[in-house]
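One structure is given here, and the rest of the page talks about it.
The values are calculated or read from the model by the stated rules, or taken from the named source; none is laboratory data. Note that the structure is predicted; figures quoted are calculated from it, not measured. Ideal geometry is used to build each Cβ from the backbone, glycine not excepted, and the neighbour counts take in all protein chains shown. Side chains included, ligands, DNA and RNA excluded: accessible areas come from the protein's heavy atoms. Shrake-Rupley method; radii C 1.70, N 1.55, O 1.52, S 1.80 Å.
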Amino acid sequence: MLRELTAVIKKDLRQAKRDPRFVAPSLIVPFVLLLVYSILWTSVGGGESFYCGLVVLDDTPQAENMAAIIENMRSTTNHTWFSIQRYNKSEAERLFSEGSLIAYILIPEGFGDNISSGEKANIILFCNNINDDVVKNYIHRVEAAVLLFNQGAYSPDFNQTDAPIAIEESYSYSQTPGNLEYMGASAIMLSVIVCAVAGQALSTASEFESKAIYETLNSPSPRTAIILGHTLASIPRTLLILFITLPIVYISLDVVPIGNPIVLFLILLITILALVPFGEMIGIVTKKREQALLGSVLFSVVCFLMGGGLAPVAILPIEFRIFSVLLPITHSLTLWNRVFFLNTTTGLVFGFTALVAFWVLGTIAVSYMTGREVERC
Amino acid sequence: MVIVLPFMVEIRDLTFVYDGQVKAVDNLSFNIEQGEILGLLGPNGAGKSTTVKLLMGVLKPTSGSVKVAGLEVSENLAEIRRRIGFMPQETALYHELTAQETLEYHAELYGVPKNEIDERISRMLKLAGLTDRKDDLVRTFSGGMKRRLALVRSILHDSDLLIFDEMSLGVDVQSRNLIWNRVRDMKREGRTILFCTNYMDEAEALADRLIIIDHGRIITEGTPRELKQQHVGEYLIEVMVDDFEHDEFWLSQEIGLDVDSLVVGMTGSTLITVKSDDGPKDLPRLITAMSNAGVPVKQVSMREPSLDDVFLSLTGSRLRD
Ligand SMILES: Nc1ncnc2c1ncn2[C@@H]1O[C@H](COP(=O)(O)OP(=O)(O)O)[C@@H](O)[C@H]1O
Ligand SMILES: [Mg+2]
């Protein structure tokens, strides 16, 4: 078994070396997306597509004033803006916990009374700080509203200690990445994803093109050894792409991982294992190298966009979210971006389990499909 | 004491249907003896490749049984495959490997003892006439070179039963001669060989015994000589005449010989093929008889029948239409 395994790995790597066409999409796809995103984020911003909730629990005129200021503010810059939507408290809490509301502002009971009696009044911003740029946008909005409310108290003399409303900012995470940093990290993952899928699809399709697949499958070697060999060969073949993408992302965006490198490496590893069967399926279905490459790029890009590459999965409509969970790339991206920017281990077990499940199920599916294909040569 | 050796290959009532529709092999039964070289001859689509894929266990029989060396194929796949050297019709070579690497890969998959690999590979490369091209990628090889490489790859793991599917498909004349000679060498070494072909000259040149199949069924079997004698005769006399207005039956009566076929050519002349067991005697008699019957002979020739004539006589169509 070990002999056959090594033979398959050696053969696969030689093939990859002599037909390295899968490298091109692995570089082009992430950097094209990165470019599109940087243009999108810097020129268009989030637009009115982001919602910020507003919950008013106080029925004094002061509270209504504050609410009106928040609602009627207009952006004077091109930066991410959002529309305000009023909710009652329980609904806002529910949407926020589900993730479909990124942030909401709460004007608590007693707000008006505190201002009338000269005590400090509070407003509270609940914000899901997945992304530094997004959080800052919400905070600026609240800050601006507060300044407007505290009319006349303009910078530089504005002293918060005398202001009727105080701003107290505290973060539950020490640091969150900006949009471009987030995309840089995603680009690294995406290059690995495309490389894993396209590399395997190309290898499998070329075996079908030359019919050489029958040399391997008609041999006495157990099918497990053959499929495992393909999977193991894909690991070095895929990881090589990091020698290109890591420096590019570092040099152009100054992005370096913060989380544990070993955990990050394990995430890449399990991602490759989970995706290789999909590449193999694409190869089996297309059977032509050109179509296999095209198919892999389509598969990777669609899954990437669905899986959190376009917007955090949490704010997608529920139907999309269910679909996203069924894609391996969703879990890879979530794990990767979390550990890339935070030194954390929360949520790792679920993500890893999901990816291992994709690997196992994918391998079973591939084994079945190969069996069927052999019979219809 | 008498030792009864099992047949190398025993096929019983074998049927295979593709996708529940195409009956590619239809109730086939035959045996191959140890050391025999058996040719499976038939036109494209006759079911030859399907039959050998069933033998290799690539396909599972729809019904019937296939045994190799007494073992039921579908129940002993790994064991069977180690005992068979198989060259598929499609050569199935990795284009991105060199000739040397191709053979190394095969040796590993088939468990050739490590200490024998190098020696065997260089011998195989020599047999295939590829020694000086051993480090070139298969992608750069001609059809003949690929076929030669596929042939030696199939004998690399030294098995007693060899199966070659269309060994000279897409191959130049030199390669074809080399391949035929290698196959004869293997026969001399005592191996059992089954080959599929739709070239009658190949069947005639190599086979001890032939099975002619069409539409998945055995039409006839025997040695090439037997088949020709049985179905055609020792000689075929071809007569060309102008403005022939009669039919086969009439002519057979007039000349007292069996008319095999009658083909009207484009120029209006007719080619008549007549079977004969004693050509030198029948030929002059035939010319006289035809002249007497008012059909002057324009041109005449005599030849030994080919397997194509056997096929034509049995099915009414040619092998390679
Ligand atoms: N994979 C397949 N699926 C469906 N039909 C097939 C397949 N392979 C072969 N056939 C059909 O089975 C018949 C026998 O084919 P094959 O065994 O390849 O013939 P041969 O090798 O004698 O040319 C043909 O009618 C062919 O069209
Ligand atoms: Mg065939």
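Six or more apart or on different chains, Cβ under 9 Å: which pairs go from a residue in region B:164-177 that's away from every other protein chain (no Cβ under 14 Å) and closer than 11 Å to B:Glu202 by Cβ to one that's basic (Lys, Arg) and more than 16 Å from ligand 2 (Cβ to nearest atom)? Could you list them?
B:Met167/B:Arg176; B:Ser168/B:Arg176; B:Val171/B:Lys146; B:Val171/B:Arg148
Could you run through region A:1-35 and say how many residues are assigned to a helix (DSSP H, G or I), more than 9 Å from chain B (Cβ to nearest Cβ) and either crowded, with 22+ Cβ neighbours inside 10 Å or under 33 Å from the mean Cα position of the chain (by Cα) (or both)?
16
Of these, B:Ile211, B:Ile219, which one is in the same structural domain as B:Ile37 (by TED's automatic domain parsing), within 16 Å of ligand 2 (Cβ to nearest atom) and either assigned to a strand (DSSP E or B) or surrounded by 14 or more Cβ atoms within 10 Å (Cβ to Cβ) (or both)? Please lay out each step first, then the result.
Numbers: B:Ile219 fails: within 16 Å of ligand 2 (Cβ to nearest atom).
When all the criteria are applied, what remains is B:Ile211.
Only one residue in B:Ile163, B:Ile179, B:Ile155 is within 16 Å of ligand 1 (Cβ to nearest atom), of a type in the set (Val, Ile, Thr) and under 26 Å from B:His95 (Cβ atoms), so which one is that? Walk me through how you get there before you give the answer.
Working: B:Ile179 fails: within 16 Å of ligand 1 (Cβ to nearest atom); B:Ile155 fails: within 16 Å of ligand 1 (Cβ to nearest atom).
Exactly one residue qualifies, and that residue is B:Ile163.
Which residues, taken from region A:50-61, are surrounded by fewer than 21 Cβ atoms within 10 Å (Cβ to Cβ) and either modelled with pLDDT under 85 or at positive phi (or both)?
Within region A:50-61, A:Phe50, A:Tyr51 qualify.
Scan region B:117-162 for residues that are surrounded by fewer than 15 Cβ atoms within 10 Å (Cβ to Cβ), more than 14 Å from chain A (Cβ to nearest Cβ), more than 25 Å from B:Phe195 (Cβ to Cβ) and charged (D, E, K, R) and jot them down.
B:Asp118, B:Glu119, B:Asp132
So, in region B:166-176, of the ones that are out of contact with any helix residue (DSSP H, G or I) (no Cβ under 6 Å at 6 or more places or on another chain) and of a type outside the set (D, E, K, R), which residue ends up nearest to ligand 1 (Cβ to nearest atom)?
In this case the residue turns out to be B:Leu169.
Limited to region B:82-112, what total is found for residues that are more than 11 Å from chain A (Cβ to nearest Cβ) and either within 16 Å of ligand 2 (Cβ to nearest atom) or open to solvent by 40 Å² or more (accessible area, probe 1.4 Å) (or both)?
0
Kindly indicate which of B:Val9, B:Val17, B:Val25, B:Val58 is within 30 Å of B:Leu227 (Cα to Cα) and within 16 Å of ligand 2 (Cβ to nearest atom).
Criteria check complete, one pass: B:Val25.
Counting only residues that are out of contact with any strand residue (DSSP E or B) (no Cβ under 6 Å at 6 or more places or on another chain) and either among the aliphatic types (A, V, I, L, M) or open to solvent by less than 30 Å² (accessible area, probe 1.4 Å) (or both), how many does region B:69-81 have?
5
Can you find, within region B:30-50, the residue that is farthest from the other protein chains (Cβ to nearest Cβ) among those that are more than 16 Å from ligand 2 (Cβ to nearest atom) and over 14 Å from B:Gly222 (Cα atoms)?
Checked region B:30-50; the qualifying residue farthest from the other protein chains (Cβ to nearest Cβ) is B:Gly35.
Given the structure, is B:Gly57 in contact with a His (Cβ under 7 Å, 6 or more places away or on another chain), touching a residue at least 24 places away in the same chain (Cβ under 8 Å) and either under 30 Å from B:Arg139 (Cβ atoms) or among the polar types (S, T, N, Q) (or both)?
no
Residues are listed down the side, and each one gets a yes or a no for (1) within 14 Å of chain B (Cβ to nearest Cβ); (2) crowded, with 20+ Cβ neighbours inside 10 Å; (3) at pLDDT 90 or above:
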| position | (1), (2), (3) |
| --- | --- |
| A:Arg321 | no, no, no |
| A:Leu326 | no, no, no |
| A:Thr330 | no, yes, no |
| A:Leu348 | no, no, no |
| A:Phe352 | no, no, yes |
| A:Val356 | no, no, yes |
| A:Leu361 | no, no, yes |
| A:Tyr368 | no, no, yes |
| A:Cys377 | yes, no, no |
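Residues in region A:334-377 that are away from ligand 1 (no atom under 16 Å from the Cβ), in contact (Cβ under 8 Å) with a residue 12 or more places away in the chain and not in a helix (DSSP H, G or I): how many?
Counting residues in region A:334-377 that are away from ligand 1 (no atom under 16 Å from the Cβ), in contact (Cβ under 8 Å) with a residue 12 or more places away in the chain and not in a helix (DSSP H, G or I) gives 5.
Evaluate the following for A:Ser324: is it under 21 Å from the mean Cα position of the chain (by Cα) and either away from ligand 2 (no atom under 16 Å from the Cβ) or more than 18 Å from A:Ile241 (Cβ to Cβ) (or both)? Step through it out loud before you land on a result.
Working: under 21 Å from the mean Cα position of the chain (by Cα): yes; either away from ligand 2 (no atom under 16 Å from the Cβ) or more than 18 Å from A:Ile241 (Cβ to Cβ) (or both): yes.
Yes, satisfied.
Give me the helices (runs of 4 or more DSSP H) completely within region A:206-297, filtered to those with at least 3 residues that are within 14 Å of another protein chain (Cβ to nearest Cβ), ordered by residue number.
In region A:206-297, A:213-217, A:223-239 are the helices (runs of 4 or more DSSP H) which contain 3 or more residues that are within 14 Å of another protein chain (Cβ to nearest Cβ).
For region B:222-254, which positions are assigned to a loop (DSSP other than H, G, I, E, B) and in contact (Cβ under 8 Å) with a residue 12 or more places away in the chain?
First, the residues of region B:222-254 that are assigned to a loop (DSSP other than H, G, I, E, B): B:223, B:232-234, B:243-247.
Those that are assigned to a loop (DSSP other than H, G, I, E, B) and in contact (Cβ under 8 Å) with a residue 12 or more places away in the chain: B:Thr223, B:Val232, B:Gly233, B:Glu234, B:Asp243, B:Phe244, B:His246, B:Asp247.
Residues being within 18 Å of B:Gly144 (Cβ to Cβ) and part of a helix (DSSP H, G or I): count how many of those fall in region B:67-116.
Qualifying residue count, region B:67-116: 3.
So which of B:Leu55, B:Leu41 is surrounded by 22 or more Cβ atoms within 10 Å (Cβ to Cβ) and closer than 22 Å to A:Glu215 by Cβ?
B:Leu55
Given B:Lys23, B:Lys60, which one is within 16 Å of ligand 1 (Cβ to nearest atom), open to solvent by 40 Å² or more (accessible area, probe 1.4 Å), out of contact with any helix residue (DSSP H, G or I) (no Cβ under 8 Å at 6 or more places or on another chain) and farther than 15 Å from B:Ile163 by Cα?
Of B:Lys23, B:Lys60, the one residue that is within 16 Å of ligand 1 (Cβ to nearest atom), open to solvent by 40 Å² or more (accessible area, probe 1.4 Å), out of contact with any helix residue (DSSP H, G or I) (no Cβ under 8 Å at 6 or more places or on another chain) and farther than 15 Å from B:Ile163 by Cα is B:Lys23.
When you look at A:Val134, is it modelled with pLDDT under 80, within 30 Å of A:Ile318 (Cα to Cα), aliphatic (A, V, I, L, M) and part of a helix (DSSP H, G or I), yes or no?
Judged against the criteria, A:Val134 is a match.
Looking at B:Glu204 and the list (1) open to solvent by 60 Å² or more (accessible area, probe 1.4 Å); (2) assigned to a strand (DSSP E or B); (3) at pLDDT 85 or above, which single condition is not satisfied?
With respect to (1) open to solvent by 60 Å² or more (accessible area, probe 1.4 Å); (2) assigned to a strand (DSSP E or B); (3) at pLDDT 85 or above, B:Glu204 is out only on (2).
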